[in-house]
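Undergrad: Okay, handing you the structure first.
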Amino acid sequence: MDKVSGWSLKSFRTLLVLASITFPILIMFTLIHQSSIFYVVQGFNALAGRTHNNTTNVIKHGTQNAGGEKDRNIIRESAVDKMLGDKNQNATPGILEERAQTITNSDIGPRNPSFEDGKNAPSPSTTTVANNKLLDGLLVSSFDGESCLSRYQSYLYRKASPHKPSKYLIFKLRNYEHLHQSCGPYTKFYNNIMRKGTKLSQNNASTKCKYLVWTASNGLGNRILTLAAAFLYAILTDRVLLVKFGADMFGLFCEPFPDSSWLLPRNFPYWKDQKHIETYERMLKKSKVNSSQELLPSFLILNLQHTHDGHNNFFHCDRSQDLLQKIPVLILWSDQYFVPSLFMIPSFTQDLNKMFPEKDTVFHHMGRYLLHPSNEAWEIIRKIYEAHLAKANERIGLQIRVFNTHRASHQTIVNEIMACTLRHRLLPDFDKQDSTTSLLKKTSKAVLVASLFSEYGEKLKTMYRANTTLTREVISVYQPSHEENQKSNDDMHNIKAWTEIYLLSLCDALITSPKSTFGYVAHSLGGLKPWILQRAYGETIPNPPCQRAKSMEPCFHYPPKYDCRANSTVDFTSLFHYMKHCEDVSSGLRLVNSNH
């Protein structure tokens with residue numbers, strides 16, 4: 001026994017000496033190679049990410065020429081560099097990104113100081129952070145964060161919305177997600193519809209899964225507005241929303257619905273067979289006879305474009321909706337924000353009132369739920385924001401769309417903008433008696449200019465560089481791009497447009513051009529009531545130069561004028577107290593809160 005104990009004690013001492021020698025060596029080895037191991041892991045992660053992205057692109061676009069794709073990426077990188085501008089080289093990288101990466105339960109990231117409650121305010125709770133991140137219940141947490149960075153990072157870049165979604169709206173969204181997962185592309189129900197094709201049938205009403213296919217029409221602003229309107233219509237009619245994106249829209253948005261895609265598959269009959277699909281107008285004529293015994297189409301084209309508005313007088317009628325409800329697949333053509341017409345339909349009234357107690361929040365909620373910038377677009381948005389907007393005390397957005405460049409000169413419009421900003425104290429006036437800059441305040445305002453023309457950003461930048469402001473505030477002006485002309489079917493043009501729309505929505509105040517769907521999307525997404533410029537003529541500045549919108553909702557430019565019940569024309573503002581004519585389109589309709 002003593003022999004064994006002696007041997008054990010000797011062995012223990014030997015092991016202790018060896019450990020004291022080898023342990024420091026292991027620590028040193030670990031410290032030396034820690035960064036190398038980290039970068040090896042990061043390298044594998046990056047490679048895996050690139051492989052995933054390439055696979056996704058092949059699924060979406062099909063096999064592509066490798067050389068052509070490489071050249072296209074070089075063009076993209078060059079275009080992005082131009083959007084970032086000179087400041088990108090000198091800016092402190094990752095101001096908000098670093099905070100996003102180190103976020104804790106007591107830190108919700110950067111906020112605009114103008115809206116902070118005080119430097120010594122208590123830190124928000126874990127619940128508050130979660131609510132902000134998921135937009136008060138609009139979003140679900142089941143998505144992979146890396147697949148769509150903007151989905152869970154966007155709240156770091158804007159103040160929390162004071163407009164909370166109703167519990168009923170959240171309930172309807174969760175129900176819709178379940179429907180989309182059950183009936184989405186390549187499910188057995190979807191495949192059954194595909195097998196039927198465009199044949200006529202008497203049993204359409206019993207179809208479990210029905211679909212609304214959105215198709216692109218006009219510019220990006222119109223497209224985004226109709227996407228939101230189509231989604232609301234799909235929810236109200238228990239249809240699955242599928243989108244027919246061309247190559248110019250694949251890189252804009254993340255997938256919005258969990259565990260299923262919203263992209264229309266290539267095996268859908270509409271990709272090849274459009275001429276033989278029945279239209280809404282022809283079906284309306286046929287419905288004058290007893291339609292209960294009539295063979296109905298499985299597919300129907302519903303044209304709600306503003307250039308094709310003769311039949312729109314009946315879309316908002318319950319009898320038309322009864323007929324449309326019998327069609328399994330509706331193919332929507334629209335360039336209009338037709339949401340106000342949905343509020344005119346009696347069978348939708350109860351649902352809509354419960355979903356939107358605040359009537360002017362429809363696009364605000366629908367847009368924030370549905371439209372998340374893709375990782376590619378988000379990277380541009382994030383870099384521009386950090387380089388040019390993040391450090392400002394206040395951000396002013398200027399969205400300038402000139403439909404007729406011969407009607408008023410660029411200088412006239414610049415003068416009108418200045419008149420608007422000075423009248424409503426959005427920007428300070430110049431001190432004409434003092435050109436010194438030694439007494440400038442540390443506070444600053446950043447002006448983001450979105451326009452096809454470079455003159456606006458350059459003129460404003462020159463003015464504020466050459467003059468001292470009365471308030472001694474520092475005013476910086478930045479314009480990401482100036483395409484000169486609107487380009488159709490151009491993916492990089494659309495990415496630039498989408499990033500600028502989103503950046504405008506992150507501003508604290510907006511001045512927008514009249515009748516611009518680009519501006520509508522920006523202010524509605526941001527929950528802002530913009531100052532809308534008046535149309536200028538010649539060298540005369542309108543008086544007033546701008547007026548405040550009654551609502552943050554977009555304008556429905558070409559609403560119906562037919563009262564379904566009275567069988568006569570009517571001004572719908574007399575029937576619905578939450579509808580008013582738009583400030584920029586006198587015949588248009590805009591949803592407002594009841595107290596307006």
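The values are calculated or read from the model by the stated rules, or taken from the named source; none is laboratory data. All values derive from a computational prediction rather than experimental measurement. Neighbour counts are summed over all protein chains in view; Cβ atoms, including those assigned to glycine, are modelled from backbone coordinates with ideal geometry. Calculation scope for accessible area: heavy atoms of the full protein, side chains included, ligands and nucleic acids excluded. Shrake-Rupley method; radii C 1.70, N 1.55, O 1.52, S 1.80 Å.
Undergrad: Count, please, the residues in the stretch 176-188 that happen to be assigned to a helix (DSSP H, G or I) and either buried (at least 18 other Cβ atoms within 10 Å of the Cβ) or touching a residue at least 60 places away in the same chain (Cβ under 8 Å) (or both).
TA: Of the residues in that region, 6 qualify.
Undergrad: Residue 349 versus (1) open to solvent by less than 10 Å² (accessible area, probe 1.4 Å); (2) without any contact (Cβ under 8 Å) to a residue 24 or more places away in the chain: which is the lone unmet condition?
TA: Here residue 349 meets the rest and fails (1).
Undergrad: Looking at (1) crowded, with 17+ Cβ neighbours inside 10 Å; (2) in contact with a helix residue (DSSP H, G or I) (Cβ under 6 Å, 6 or more places away or on another chain), which is the one condition that is false for residue 582?
TA: All conditions are met except number (2).
Undergrad: Go through the stretch 385-415 residue by residue and tally those that are in contact with a Gly (Cβ under 8 Å, 6 or more places away or on another chain) and part of a helix (DSSP H, G or I).
TA: Total satisfying the criteria: 4.
Undergrad: Those residues that are open to solvent by 10 Å² or more (accessible area, probe 1.4 Å) and in contact (Cβ under 8 Å) with a residue 60 or more places away in the chain, I need them from the stretch 352-371; list them, please.
TA: 354, 357, 358, 359, 368, listed by residue number.
Undergrad: Taking the stretch 440-463 only, how many residues are open to solvent by 20 Å² or more (accessible area, probe 1.4 Å) and in a helix (DSSP H, G or I)?
TA: Matching residues across the stretch 440-463 total 6.
Undergrad: Yes or no: residue 425 surrounded by 23 or more Cβ atoms within 10 Å (Cβ to Cβ) and of a type in the set (Lys, Arg)?
TA: Spelling it out, it is not the case that residue 425 is surrounded by 23 or more Cβ atoms within 10 Å (Cβ to Cβ) and of a type in the set (Lys, Arg).
Undergrad: For the stretch 555-574, does any single residue satisfy the condition of being open to solvent by 20 Å² or more (accessible area, probe 1.4 Å), touching a helix residue (DSSP H, G or I) at 6+ places or on another chain (Cβ under 9 Å) and modelled with pLDDT of 95 or more?
TA: Among the residues of the stretch 555-574, not one is open to solvent by 20 Å² or more (accessible area, probe 1.4 Å), touching a helix residue (DSSP H, G or I) at 6+ places or on another chain (Cβ under 9 Å) and modelled with pLDDT of 95 or more, which makes the answer no.
Undergrad: Additional query: Can you confirm whether the stretch 283-294 contains a residue that is at pLDDT 80 or above, closer than 30 Å to residue 143 by Cα and surrounded by 17 or more Cβ atoms within 10 Å (Cβ to Cβ)?
TA: No - not one qualifying residue is present in the stretch 283-294.
Undergrad: Moving on to the next point. Test residue 382 against the criterion of being part of a helix (DSSP H, G or I), open to solvent by 10 Å² or more (accessible area, probe 1.4 Å) and either touching a Gly at 6+ places or on another chain (Cβ under 6 Å) or more than 26 Å from residue 453 (Cα to Cα) (or both), and give yes or no.
TA: No: the conditions fail for residue 382.
Undergrad: Go through the stretch 304-322 residue by residue and tally those that are modelled with pLDDT of 65 or more and within 19 Å of residue 343 (Cα to Cα). Write out each step before concluding.
TA: So the first thing to find is which residues in the stretch 304-322 are modelled with pLDDT of 65 or more, and the list is 304-308, 313-322.
Retained after the next criterion (residues that are within 19 Å of residue 343 (Cα to Cα)): 304-306, 313-322.
Adding up the residues that qualify gives 13.
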